[in-house]
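A.B. asks: To start, I am sharing the structure in question, which I have written as structure tokens.
The values are calculated or read from the model by the stated rules, or taken from the named source; none is laboratory data. None of these values were measured; they are calculated from a predicted model. Because the Cβ atoms are built from the backbone with ideal geometry, glycine has one as well, and the counts that use them run over all protein chains shown. Calculation scope for accessible area: heavy atoms of the full protein, side chains included, ligands and nucleic acids excluded. Shrake-Rupley method; radii C 1.70, N 1.55, O 1.52, S 1.80 Å.
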Amino acid sequence: VQLQASGGGFVPPGGSLRLSCAASGSIFDINSMRWYRQAPGNQRALVASLTSGGITNYSDSVKGRFTISRDDAKNTLYLQMNSLKSEDTAVYYCNFNWGPRQSDLWGQGTLVTVSS
């Protein structure tokens, strides 16, 4: 199974984007699904997470602006990003953590650029 991230692009400050992360097949025993981002010169950081039980968590920097969700029928994870700021500029990666051994599956990353 592979993850394909998409939806990144160039958007002005205050704009919105929706990222998608589609799994090529069904993944069983998912523990959590997450979005990370990595800005130039920075380490990869957790942005949002969604547990199998539906509990969401967000980093303080995106709380109230970003929403993580999933469509199980489409095997797809989403990140709705509103009120984007220049500091949101980064490559965004999706991650599925699954199984009793906490295995990680990563998408290839999608670039979000927020600039006027």
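A.B. asks: Could you look through segment 52-68, keep only residues that are more than 15 Å from Asp88 (Cα to Cα) and open to solvent by less than 50 Å² (accessible area, probe 1.4 Å), and pick out the one that is modelled with the lowest pLDDT?
C.D. replies: This residue is Gly54.
A.B. asks: Being charged (D, E, K, R) and at pLDDT 95 or above is the filter here; which residues of segment 4-37 pass it?
C.D. replies: Arg18, Arg34, Arg37
Residue-wise test of (1) more than 15 Å from Asn97 (Cα to Cα); (2) open to solvent by less than 70 Å² (accessible area, probe 1.4 Å); (3) touching a Pro at 6+ places or on another chain (Cβ under 8 Å).
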| site | (1), (2), (3) |
| --- | --- |
| Leu3 | no, yes, no |
| Val11 | yes, yes, no |
| Ser16 | yes, yes, no |
| Cys21 | no, yes, no |
| Arg37 | yes, yes, no |
| Pro40 | yes, no, no |
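A.B. asks: Restricting the search to segment 80-116, which residues are open to solvent by less than 60 Å² (accessible area, probe 1.4 Å), hydrophobic (A, V, I, L, M, F, W, C) and more than 16 Å from Val47 (Cβ to Cβ)?
C.D. replies: Once the filter is applied, which keeps residues that are open to solvent by less than 60 Å² (accessible area, probe 1.4 Å), hydrophobic (A, V, I, L, M, F, W, C) and more than 16 Å from Val47 (Cβ to Cβ), segment 80-116 yields only Leu105.
A.B. asks: Identify, please: which residue in segment 30-55 is of a type outside the set (A, V, I, L, M) and not in a strand (DSSP E or B) and is, among those, farthest from the chain's Cα centre (by Cα)?
C.D. replies: Among those residues, the one meeting the criterion is Gly41.
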